[in-house]
Amino acid sequence: MKKILLAILSGVLLTISWPTYGFPIFLFFGFVPLLLAEYQLRTANMKKAKIFGLSFLSFFIWNIATTWWIYNSTALGMWIAVITNSLLMSTVILIYHSVAKKTTFTVSTLFLICLWMSFEYMHLHWEFSWPWLNLGNGFADFISWVQWYEYTGTFGGTLWVWILNISIFKSILLFQKYQEKTILYRAAVKNGLLIILPLSISLLIFYTYEEKGEDIELVVLQPNINPYTEKYNTTDQKIGALLHKLATEKITDSTDAVIAPETVFADNNKLKRFSYSIAKNTGQQIIENSKKAHFLGGISMYDRFRDPRRVHSQTNIIRENDFYDDYNSAFWVRPDGATELYHKTKLVVGVENFPYQSILKPIVGDAMIDLGGTVAKKTTQKEREVFFTKDSLGIAPIICYESIYGEFITGYVRNQANILAIITNDAWWGNTEGHRQHLAYAKLRAVETRRSIARSANTGISAFINQKGIVLDSLSYEKQGALRGVIKTNNEVTFYAKTGNFIPRIGLFLTLFIFLFSVTRRKKPLNI
């Protein structure tokens, strides 16, 4: 029972540390109770099933308490996401348990840190990608604590969290073994410094950083269209009229761009006829009386064809020799009427892609995990598209879920994006932590790239975020309207934007090295 309570305590501590209601200080010792329970079971030479069960209990509590809101979109999708992620996290602890039985405390805990980072890194790249609970995201609402993300990305936060947890864990074991108060005093000083020093560096950066670049004026639109009752039951013409009305209230001769949310136009749009679409015409009408404004909006489109030679892994099959590609796209309208398109690349699992189709389709058929919206497979593009104004302002058209991926976003920066534009529709989850967490994570992207952000969300929260990750202005959830704001451009490329996720790549190498080292050794006695 004591070990079960320790596992529950870890789940609770991790939960109350998470944005946007939590306090991240709990992250620094949230894993300690679980590690103590694992250590006690290891010393008692208990079966691995008990280790796995306790770990699953901790991580299930954390996952269900922080991402339950997926249920508002789909009960099945929520349970799959929560259970799968809990199982994967528990597997990390189980592998650590096996290695710890054969190596020293220092080697095994280093392995745990590297293995967890490798797990998070995998979540950024495999087809069941769900990096929502990657530990570095936990500081999203306390952005002044992690200004050094411009060098490390969120994996710097993951490393910070694990170093503190391991240090506190070791201090407790030493005290239990020797019962000396000096151990506690030294631990308090050491662990205090491990928190204070990175925090002090971040605060120094935060208060001395000066935003770079020129001022630009943008307008973001928030039409507040309910995706379940209105979005797919109205016409693009009505949507266009609403966007025109909202934009007219805010646009000026100084406005550089007007931004509308993801798939705001979703009325049976054909890719081949985009040049004649209501979406494009609406964009032109909105900016026609402005001196230099451009229009950026979201659109759902499809391209139907019969040529089997064009079929690829993301193509949807209607019947024999009848196919279509489905797109979640951003479109750009220039003052002269010229247009560009970007097709979303990072897709929501199950909704916009069929993960490991060649393996799973023979098993489950065409069933998909419905996390909201359409369940058709989406067609993507590989390149990070950047839309440019006539004044060489580069705007990154980031679509919804893509904003969760830090290294992915750096691709826009390397392609000369001066600012980031996030267009999204978070209404599937209702008025829950889902949309608030999504906004909070956007602040991390601002720090990592030192790019200001203009965020247009269908039902909110639309916002302007500066290069330090501070929300300058926002339009609350379920409020219809528009925001006009001035943010700064930036041409400088941060260290993180140049190098990407170098920390987990190093961690992955160490994980493999230590694991191979451990499996060739005989069992070693426990030590601290």
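Please treat every number below as a calculation from the coordinates, not as lab data. The model shown is predicted, which means the values in this text are computed figures rather than measured ones. With ideal geometry, Cβ positions are generated from the backbone for all residues, glycine too; neighbour counts draw on all protein chains shown.
For Lys498, a cut-off of 15 angstrom between C-alpha atoms picks up these aspartates and glutamates, skipping any fewer than 8 places away in its own chain: Glu150, Glu407, Glu448. Across region 292-307, rounded Karplus estimates of 3J(HN,Hα) from the backbone phi angles (6.51 cos²θ - 1.76 cosθ + 1.60, θ = phi - 60°) give 9, 5, 10, 10, 10, x, x, 8, 9, 9, 9, 10, 9, 8, 10, 7 Hz, Gly and Pro being marked x. Contact order for region 1-132, expressed relative to its length and based on alpha carbon pairs under 8 Å spaced 6+ residues apart, stands at 21 percent. Each residue of region 168-180 was assigned a 3J(HN,Hα) from its phi angle through the Karplus expression (A = 6.51, B = -1.76, C = 1.60, θ = phi - 60°), giving 5, 4, 5, 4, 5, 5, 5, 5, 4, 7, 10, 6, 10 Hz with x at Gly and Pro. For Ile487, nonlocal amide neighbours, meaning residues 5 or more places apart or on other chains whose placed amide H falls under 5 Å from its own, are Ile216, Leu218.
Listed by chain and number, the lysines placed with their C-alpha closer than 25 angstrom to that of Lys47 are Lys2, Lys3, Lys101, Lys102, Lys170, Lys177, Lys523, Lys524; residues fewer than eight positions away on the same chain are left out. If you plug the beta carbon distance of Gln381 and Gln179 into 1/(1 + (r/R0)^6) with R0 = 51 Å, you get a FRET efficiency near 0.25. Remark: relative contact order (the chain) = 19 percent; criterion is Cα-Cα distance under 8 angstrom and separation of 6 or more residues. Over 32 Å between C-alpha atoms is what I'm after, so list which of Lys291/Lys344; Lys382/Lys488; Lys48/Lys377 land there. Table pairs above 32 Å Cα-Cα are Lys48/Lys377. If the Kirkwood radius is taken over C-alpha pairs of the chain, then at 20 °C and 1.002 mPa s the Stokes-Einstein diffusion coefficient equals 88 µm²/s. By other beta-carbon atoms within 10 Å, ranking Glu385, Glu180 with the fewest at the front produces Glu180, Glu385. In terms of other Cβ atoms within 10 Å, Lys280, Lys488, Lys212 run from fewest to most in the order Lys212, Lys488, Lys280.
Enumerate by residue number the GluC sites (Glu not before Pro) in region 30-128 meeting two conditions: DSSP loop (anything except H, G, I, E, B), and at most 15 other Cβ atoms within 10 Å of the site's Cβ. Filter output for region 30-128: Glu127. 3J(HN,Hα) along region 334-341, derived from phi through the Karplus expression 6.51 cos²θ - 1.76 cosθ + 1.60 where θ = phi - 60°, amounts to 8, x, 8, x, 5, 10, 9, 10 Hz, with x in place of Gly and Pro.
Only four residue types carry charge here, +1 at the Cβ of Lys and Arg and -1 at the Cβ of Asp and Glu. Report the dipole size of the chain about the Cα centre in Debye, rounded to the nearest 20.
Computed about the Cα centre, the dipole is about 2340 debye.
Residue ranges 58-64, 140-146 sort as 58-64, 140-146 when ordered by packing (mean number of other C-beta atoms within 10 Å per residue, highest first). Of Asp322, Asp336, the sequence from fewest to most neighbouring Cβ atoms within 10 angstrom is Asp336, Asp322. Between Thr103 and Lys524, the built amide H atoms are under 5 Å apart, and every one of these is 5 or more places off in sequence or on another chain.
Taking amide H atoms as placed 1.01 Å from N in the peptide plane, the amide H of Val264 lies under 5 Å from those of Gly298, Ile299, each 5 or more residues away in sequence or on another chain.
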